[in-house]
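Worksheet: one structure, shown below.
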Amino acid sequence: MAAESGSDNSPRVLGGFASILSLLGITLFFSGWIYRWAYFAYYSLNLNDQSFTAQSYLIVPIQIYFGTLSGMLKTILLLLLLPLLITTTLAVLRRLAAVWAALAHRLPRLRQLLVLQEAPDTRLSESRRFLASLLDELVIVAWVLILLFWFSQHQGYQDARRDAIETTSTLPVVSLVLPQRDGVLAQDLRQLNDSGEPIPDPPLANHVLIGDLELAREVRNSSLSDPSTKQVWRLLNQEPTGWLYMIRTLPPDAKANERPLLLAVPNAKRSQTLVLAPTPPEPVA
């Protein structure tokens, strides 16, 4: 009998362990997706256009919750706040139910409904217990999702803002050399010099423009990094499909609502030379 009891408990333990892993996986994936959605939304990019693997969304939350000391402190605060919010919400709902019951005793029609609810019916009693249990679970799930969404969205925005500022950015400095036919907004290497004179626009006989002309000129006029003004081109993301996303970082005194200029280069793997560095190199004397 003891052996049979042990064999019966084993599937229950394994089933409970599998349930915990499933809930943990859903939580991590949800947090990772919201974090990346907020991060790329800061740069006006759609996360669905980025080809991240599903497994990577399970790893990102580890950096969110435990990557830094401040993140760990926020995680501890989140874990302490969650039970308080759940118990407070449940207490408020039970108080409202008690007020509803007291009100029902004073109104004739509601009193009749209350009498029917209090009738000794086994099915009705089981239904009430089921609804009460369902309400408790809905409150728990709702608060967990709300806190995870807020925490991940806030951290994604903060990290995106950090990477947009030159003095705090963790993105690599990029130097991209393209064929002249593919880099119409880039600078001609044959005309570069240290005189600071503006480089004339290239002939655009084979190109047309739709949209803001000044924005295109802004990209061309600032297509070279300028460490002195804390505006450096850094690599935001590189897609396996060939798309390459670069941002021009902002100076430390940039306004809170200011966004960095973003440049998307298609087919960047073709005939390109891509050089990455952690920081802008010092100019050669």
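Counting Lys and Arg as +1 and Asp and Glu as -1, what is the net charge of the other residues whose Cβ lies under 13 Å from the Cβ of Thr170? Let's see the in-between values first.
Numbers: positive: Arg161, Arg162, Arg234; negative: Asp159, Asp163, Glu166.
Local charge sum for Thr170: 0.
Here the Karplus curve 6.51 cos²θ - 1.76 cosθ + 1.60, taken at θ = phi - 60°, turns the phi angles of the range 224-231 into couplings of 9, 5, 9, x, 5, 9, 6, 10 Hz, with x standing for Gly and Pro. Distance between the pseudo-spin-label points of Thr167 and Leu147 (7 Å out from Cα toward the beta carbon): 3.5 nm. Charge tally for Arg259 (other residues, Cβ to Cβ under 11 Å; Lys, Arg +1; Asp, Glu -1): +2.
Between Tyr157 and Leu23, what is the FRET efficiency for a Förster distance of 22 Å, r being their Cβ-Cβ separation, to the nearest 0.05? Using R0 = 22 Å, I get an efficiency of 0.25.
In order along the range 131-144, the Karplus-derived 3J(HN,Hα) couplings, from 6.51 cos²θ - 1.76 cosθ + 1.60 at θ = phi - 60°, round to 5, 5, 5, 5, 5, 4, 5, 5, 5, 5, 5, 4, 5, 4 Hz, and Gly and Pro are given as x.
What FRET efficiency comes out for Asn221 versus Leu262 if R0 is 25 angstrom and r is the Cβ-Cβ distance? Round to the nearest 0.05.
Numbers: r = 16 Å, r/R0 = 0.64.
Approximately 0.95, to the nearest 0.05.
Under 5 Å between amide hydrogens, built in the peptide plane, is the criterion, and for Leu250 it picks out Ile165, Glu166 among residues at least 5 positions away or on other chains. Listed values for the range 240-253 are Karplus-derived 3J(HN,Hα) couplings in whole Hz (6.51 cos²θ - 1.76 cosθ + 1.60, θ = phi - 60°), namely x, 6, x, 6, 10, 10, 10, 10, 9, 5, 9, x, x, 8, and x replaces Gly and Pro.
Put simply, the amide H of Gln231, placed in the peptide plane, has neighbours under 5 Å in Asp226, leaving out anything fewer than 5 places away on its chain.
Readers should treat all values here as calculations from the given coordinates under stated rules, not as data from a laboratory. Keep in mind that this is a model prediction, so the values were computed, not measured. All Cβ positions, glycine included, derive from the backbone under ideal geometry; neighbour counts span all protein chains shown.
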